[in-house]
Structures are given as structure tokens and as C-alpha cells.
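To start, the structure under review is shown below, and the notes come after it.
The values are calculated or read from the model by the stated rules, or taken from the named source; none is laboratory data. Keep in mind it's a predicted model, so treat the numbers as computed, not measured. Cβ placement follows ideal geometry from the backbone for every residue including glycine, while neighbour counts extend to all protein chains displayed.
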Amino acid sequence: MLIRMKTIAVLAFAAAPLFASNADLTLTSAPPSPTVIRAGVRWFTQFAVHNAGPDVASNVVVTATSTIDVTCSCTLGNIPAGQTRTVTVQFPAPDTPGPFTINATVASDASDPNPSDNSASQTLTVSPDPDVTVNLFGPSQQDLGLPFVLSIFLINLDTVDAHDVDLTIDFRADAVVQSLTTGCSNTTAGRIVCHLDTLHFSTPQPAFKATLVAPATYGSGSIVFTATATEREHDFDAASNTKTVTVPLYDTKYVTTTADDGAGSLRQAILDANAHCDGTTLCAIAFRIAEASTTAWKTIRVTSPLPMLTAPGVRVDGATQTAFFGDTNVDGPEIEISGGGTVDGDGLLITSCNDEIANLAINSFQRNGLSVIATPETTACPRYSGSTLHGLFIGTDPTGSQARPNARGIGISVPNGTTFNSVLGGTIIAGCVISGNTRSGIFGLSGLLNVSNNRIGVKAHSDDPLPNGASGILVGAGGYGSDIGVQGYVSAGENPASGANVIAFNGESGVSVASGVADIAIRDNRIWGNRLLGIDIGLDGPTPDGGNGTIGVPVLTLAHYDPVSAKTVIEGDLPKNALGLLNAIIHFYANDTGDPSGYGEGQRPLGSILVLTPPQHFHFETAGDLTGQFISATATRLNYVGFAKPPVKLAKPEGVSEGLLTQTSEFSRWLEVR
């Protein structure tokens, strides 16, 4: 018995530590910058804990207290000897100006040989001053001689009111003030002064608005606005009381006459732009023609081809005429460029990159109304980047109701790649009327096209026929990656998103695609009434089973109205040839008549279904009774490349830039709803 008790005593002694743990902790404050803070803000401060050893400090805890509410994640666990840990104390700053103190202490399970340095404090001060901040907003670029708006906002970031707030905005003296909101005046050229009696915190912020007219001359190339605010009180952060914004100006070549040549002519403006615009600054050809006219627009009649536009980054915009003289032609552009049916050349010929051609009627030329031709490598365009064409009436009069044919509407022959990694910048054609031309509306021989919101083969303001003599759009052998129509996924019951083209009544196919051209998307357009197929892939007539790089068409098996659900139900099978990929969108369309070819067109988009792992059979429903109408469908293959990942729903735009390539089939055979 005695032996056993001795054994227990020895074990109990062995279980106890031979020496107590010692850790010399030191707590120091690490104040933020600044230590003078605004009232009411969420703020923080820090304390640092250092263990001078010799042992590990276990279960280290910092306790913070103050006359205000503080929050601290202050459990630090174990701190080995020689190491430092930091804790952050957060708090809402008081609304009352003046100092306040945060006290902190540190403790651990270890014995501390020097507890006198286990405490620290930090004193912060709530400022008694308001904090006025100025914000300025102007246009990202501005035409010479035209009005624009400068918006000025004053904000008080502190709960303390600011009184007698004065705001001064200085700028170049030849920018003329046209109008000001209440509280502002303009007694001196190049200066606006505004005043507020009181500026409160967290109320709707006062917005001053100034309408100015840009200088008539280019000068330094910009208007620099500098706004400075002062108040009766001292400001908490004076640096935010001044704000500068720069509005770049277009270096503008004016067209002031309808004459074919000479000073102020379009011909001379193109020559001047070619001579002076190198792509490094904003450059524009603007129209400011005050001559009397017997029409609601100004017609520039040329008797020989205009010079090609070789300068990069030039904007040629007929809307500048509207801006100077008002909307005299509510049906279309105020500027018409006419070849009179006798000029053996293009209306405009663009041979550079990044140009913008907008809001013009171009007609009656024996070649293309507008051509974009470029080479891949120039000093200003080391890697070709496409131009933008929008708001144009090509092949019609400026009302968009009468044909004034060019040979073709728009011709594109620019560099392009043949894969996702080699494709170059595309040409954007948007919001145009391209009708009445002798041959194709858009003839894309080479180059990626992004074609949206255009009216091709119809009048500007109705669906009455105004056909082009050949295809509405032709995508040639170099058109890899082109996108015609809506980008993205439109589900059943939704209206197609912005982007749908109207392509109708043209003398050949609505959309023709050369054989072997990959990744051409043709979705949610309104295509009907064309003499040949709505979509012809390969220029060889119907290709229902695909092959030769094309997508097979869906096979519709059922189209009927269900009175119980008040929906039209459409069923069918996926195309036989989807090039081996499992991702597809089936788009559905309704037509008033069945095309004589037996293959449908797409007069009215009904929506689409996204099938990521398609079964053989699909089912689609759309609201309403479509009995007697003729249904057709297309299949669009999805090909995810690079960084793109298959989405559940395609909320973002698709296309080469998104790493999601799409290729659309021809229209299926039509099926009447019964």
C-alpha cells in the first residue's frame, strides 16, 4: 500500500510544470492618420502587442474601453517570443466635436514580469469643421461652337453645416456661358460664381448646371474647368474643395457650303483632315451650311469621286448640321451626299481605322455608297481596328422613303483573322437605312461585321418595300466571326433585345454567307419577303442537313394552339448535324405566309430556348394564338473558347470579344400552326 501511494505522488509531481511560463507583453498604440476625424464616420484605430519572451504567451486577449461604443476582434491566441500581433478597434465617431480616448490592456495565461507596459491609450479628436467637396462633370468630348452642359455638385461630408459657401469655376474665356441655374452668375468671361447660404450633411446635394457654348476655335485642344469652394468655417479637408475637369475638343474641319470643291467644301475638308489628323487627337469633319435650300436638308452634289479618307480616328457626322440649325428634316439626316447617278466611284471611301461616319444620306453613286478598305499595318493602326457607321441612309433620299440607288450600299474589305486568337477589329454598322441599292445592301467581302438595328430593303419609317437588288447582307469569305442581329439569349415570351435588323424584300437572299465562313451568328432579326432564302449558308440554296462546315436546321414536328394554357406549342428535333457540339440555341419565328421554297423566314421573332446538353427533342411555348401562321426556326451552335465558360443563361453579350463563338443555321422548313 505504501509503495502504491508513493507511485501516485511521483506521477502527480511529474504532471505539474516544473517552471511557470513567463512572457513579457508590451502594448503600444498605432494611431491612424489622421487622428482628427469627421463626426459620425465609421473609423478605426490599432494597437500592437509584442511578446519579448522568453516563453510563448498563450490565450492573448486585448480589452478596449472608451466613453463611446467600440468593437474589437481582440482575441489573438498564442504569440511566440519575439513576435508582434496587431488588433483593430472600430467605432462610430461621435457627433459632438472634441477629443475622446480609447484605453486598451493586454493579458495572457503566461506570467508577465513587467505588467506596467500592458496598457496603452489613444486620443482622437472629432473635428468641429464641415467638409465641403466639389464634383464636376462635363462631356467626354465636344464639338467646336456647339452647346454642352457642365454639372457641378457640392457635397458636405460632415454632420456640421457649412455656411456662406461660395463656388468659383474658371475656364478659358472663349467658352461662352449660355445659361445658369439659380444661385450662379457669370459677370466675367471665363468665370462662373455660385453661392449657397447653408450646405447640410446627408441631404439631396445641390446641383448647379451651366450650359456653355464651346469655343469656335480649337486653341489648346481642350477646355479646362477648375472649381474651388470656400465656406465661412475652416474646412476639414481643404484638398477636396478644388476639382479640375478637362473637356477635349475636336480639331474640326468645317463644311460650310454645298459646293463640290473649294474652301468650305466637303472635298476640301477631307483633304484637310488627311493632312492634319494623325489619330493622336480628336478630329472631326462637321457640317455648318447656312445656304438656302429648297428641301429640308442640304445636298452636296459631287461630279467626281471625293478624296479617300486616309486619316485615322476621324468623325464625319451630319448631326452637327442639326446641332447648329435644328432638326429641319424630322424623317432623316440633314446632310445628303449625291453622285447624281453619274459619278463612277464611291460616295465615301474610308482607307484607315477607327473612323466614325454618321447621320448622312449617301446616294446615287455608280459604285458603293460607302466603302471601308484598310491595310493591317500602318503607323496609326499597327493592328487594324474597325470603324463605326451609324445613322446613315444609304441608297435612299434623306426621308428614307424614295430609292436613290448606289450600285451597292456599304462595301467592307478590311483585314480579319480566321480564328478566335487571330480575329481583328470589326466594322460596326448600326441604326442605318440601307435600301434601294442596285445590288447588295451590305457587301462584306472581308472583315468581321457587327450589324445591328438596321433597316435593309424597307423604308425608313415603315415596313413598305424598298428593296436592294441582290442580298440584303452578304458575308464574304473573309467575314469570320461576324454577328448579325441580337447578341445574347432571348427566352420564350421575351421581346428580342436591342439589335434586331429588319431585312426584307431584297432581290436575292436576306442574308447570304459564303461557303466555309465560320462562326457567323444570325439571331432574332426580322427577315421575310426576300426573293430567295431568308438565310443562305454557302450560296447554294437550302442545306437542311448541314455539312461542309454548316449547321443543320431544326426539324419542326408540331405547331398548335393550346386553348387551356392560351399558348402556342412548338415541338421538333435538333438538327442532324451540329458539328459535334452539345451547346445550342433554337430560335423560333412566325410568318404571315409560307415561303414558296418550303423553308421559312423570320418575320417576327418569338423567342428561343437554350439547350446546354440537348436531347433530340425540344419543346417551346409562346403566349397567344398563332393559328394560321407559319413557324420556322434556326439552330445556333455555341462554341466556348479561351476564357469563356458555359453559362446557365447568357446574360452578357456574346461574340469574339467574349470568348463565345456562335454559328447559325439556315431557316428550317416552315410548319403551319393548326
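Considering only segment 469-486, I want to know if a residue exists there that is crowded, with 17+ Cβ neighbours inside 10 Å, modelled with pLDDT under 95 and farther than 16 Å from ALA518 by Cα. Within segment 469-486, one or more residues are crowded, with 17+ Cβ neighbours inside 10 Å, modelled with pLDDT under 95 and farther than 16 Å from ALA518 by Cα.
Among the residues of segment 273-286, is there at least one that is more than 33 Å from the chain's Cα centre (by Cα) and not acidic (Asp, Glu)? Lay out the reasoning, then the answer.
From segment 273-286, those more than 33 Å from the chain's Cα centre (by Cα) are none; that's our starting set.
Scanning segment 273-286 turns up no residue that is more than 33 Å from the chain's Cα centre (by Cα) and not acidic (Asp, Glu).
It is to be established whether one or more residues within segment 108-116 are surrounded by 15 or more Cβ atoms within 10 Å (Cβ to Cβ), in contact with a strand residue (DSSP E or B) (Cβ under 6 Å, 6 or more places away or on another chain) and not in a loop (DSSP other than H, G, I, E, B). Within segment 108-116, none of the residues are surrounded by 15 or more Cβ atoms within 10 Å (Cβ to Cβ), in contact with a strand residue (DSSP E or B) (Cβ under 6 Å, 6 or more places away or on another chain) and not in a loop (DSSP other than H, G, I, E, B).
Within segment 342-356, the residues that satisfy the criterion of being of a type outside the set (D, E, K, R) and assigned to a loop (DSSP other than H, G, I, E, B) are GLY345, GLY347, THR351, SER352, CYS353, ASN354.
Mind checking which residues of segment 91-133 are closer than 17 Å to ASP235 by Cα, free of Cβ contacts under 8 Å to residues at least 60 places away in the same chain and of a type in the set (Val, Ile, Thr)? Once the filter is applied, which keeps residues that are closer than 17 Å to ASP235 by Cα, free of Cβ contacts under 8 Å to residues at least 60 places away in the same chain and of a type in the set (Val, Ile, Thr), segment 91-133 yields only THR96. For segment 502-549, a residue qualifies if it is at pLDDT 95 or above, in a loop (DSSP other than H, G, I, E, B) and of a type in the set (D, E, K, R), and the qualifying residues are GLU508, ARG531. Among residues of segment 326-349 being among the β-branched types (Val, Ile, Thr) and under 18 Å from VAL255 (Cα atoms), the one that is surrounded by the fewest Cβ atoms within 10 Å (Cβ to Cβ) is THR328.
Working carefully through the options ALA559, ALA584, find the one that is in the same structural domain as PHE667 (by TED's automatic domain parsing), farther than 23 Å from ILE503 by Cα, modelled with pLDDT of 95 or more and buried (at least 20 other Cβ atoms within 10 Å of the Cβ).
Values: ALA584 fails: modelled with pLDDT of 95 or more.
Only one candidate passes the filter, namely ALA559.
Matching residues to (1) in contact with a Phe, Trp or Tyr (Cβ under 9 Å, 6 or more places away or on another chain); (2) outside any loop (DSSP other than H, G, I, E, B); (3) among the charged types (D, E, K, R):
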{"position": "GLN205", "(1), (2), (3)": "yes, no, no"}
{"position": "LEU212", "(1), (2), (3)": "yes, yes, no"}
{"position": "PRO215", "(1), (2), (3)": "no, no, no"}
{"position": "TYR218", "(1), (2), (3)": "yes, no, no"}
{"position": "THR228", "(1), (2), (3)": "no, yes, no"}
{"position": "HIS234", "(1), (2), (3)": "no, no, no"}
{"position": "VAL245", "(1), (2), (3)": "yes, yes, no"}
{"position": "THR252", "(1), (2), (3)": "yes, yes, no"}
{"position": "THR257", "(1), (2), (3)": "no, no, no"}
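Anything in segment 128-146 that is assigned to a strand (DSSP E or B) and within 25 Å of the chain's Cα centre (by Cα)? List them, or say none.
ASN135, LEU136, PHE137, GLN142
Each residue in segment 240-272 was checked for being within 30 Å of the chain's Cα centre (by Cα) and either closer than 12 Å to GLY313 by Cα or of a type in the set (Lys, Arg) (or both), and 4 pass.
Within segment 312-341, residues that are in a helix (DSSP H, G or I) have Cβ atoms under 7 Å from residues that are among the small types (Gly, Ala, Ser) and at pLDDT 95 or above in these pairs: ALA319/ALA358; THR320/ALA286, counting only partners at least 6 apart in sequence or on another chain.
LYS243 passes every criterion in (1) touching a residue at least 24 places away in the same chain (Cβ under 8 Å); (2) surrounded by fewer than 20 Cβ atoms within 10 Å (Cβ to Cβ); (3) in the same structural domain as ILE428 (by TED's automatic domain parsing); (4) more than 24 Å from THR351 (Cα to Cα) apart from (3). In segment 345-367, the residues that are within 13 Å of PRO305 (Cβ to Cβ) and at pLDDT 95 or above form Cβ pairs under 8 Å with partners that are of a type in the set (D, E, K, R) and in a strand (DSSP E or B), at six or more places apart or across chains, as follows: ILE362/GLU336; ARG367/ARG408. Considered as a group, the residues in segment 70-91 that are surrounded by fewer than 17 Cβ atoms within 10 Å (Cβ to Cβ) and at pLDDT below 90 include one that is nearest to PHE44 (Cα to Cα), and that residue is THR71. Would you pick out the residues in segment 441-463 that are buried (at least 24 other Cβ atoms within 10 Å of the Cβ), among the small types (Gly, Ala, Ser) and in contact (Cβ under 8 Å) with a residue 40 or more places away in the chain? Correct list: GLY441, GLY447, GLY457.
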